[in-house]
1. Which distance in nm do the two modelled labels at residue 74 and residue 163 give, with both placed 7 Å along the Cα-to-Cβ direction?
2. Taking the highest mean first, how do the peptides 142-155, 68-81 order by number of other beta carbon atoms within 10 angstrom per residue?
3. What order do you get for 82-92, 97-107 when each peptide is scored by the mean count of other beta carbon atoms within 10 Å, highest first?
4. Please report how far the C-alpha centroid of segment 95-119 lies from that of segment 121-160, rounded to the nearest whole angstrom.
């Protein structure tokens, strides 16, 4: 096993164990970002400071033209709850852009499509942490992973947004 794979595995473990301690300022920021519907390509990202895969995803998004405001936190669970994410939709980091939630290793092209089409959904997610050459931030293997990007609505409805293999 590579060091990078072990780091990703540990990050997944931390995600599911969950850490507490969101500040009121962070909670307020999440509420503000969720209600904003600007035309900006700025992603507001909440992640663990020690998560290598989250940092790699941030780089992927920057390389694809997004401006990022990154917040390191020890309590992603409260941010996910405030964003309306259920445990089955959760991944390692949570981001917000133009009032949409972006959860996990969603490829930049899917976020660009979301912003162009402006569908009536709450956001996009790649649940869990699939690993493969085609998963931004999770390129721990030369093999492609088979995974779905899901769109989700306020009422809990989930639909396939894109499929990768």
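1. Taking the two extended label points, one gets 4.3 nm.
2. Numbers: 142-155: 15.6, 68-81: 18.1.
Most protected by this proxy first, the peptides run 68-81, 142-155.
3. Numbers: 82-92: 19.4, 97-107: 23.9.
By packing density, highest mean first, the sequence is 97-107, 82-92.
4. 12
Bear in mind these aren't lab numbers, they're just calculated from the coordinates by the rules spelled out. Since we're looking at a predicted model, the values are computed, not measured. All Cβ positions, even for glycine, are placed from backbone atoms using ideal geometry, and neighbour counts span all protein chains on display.
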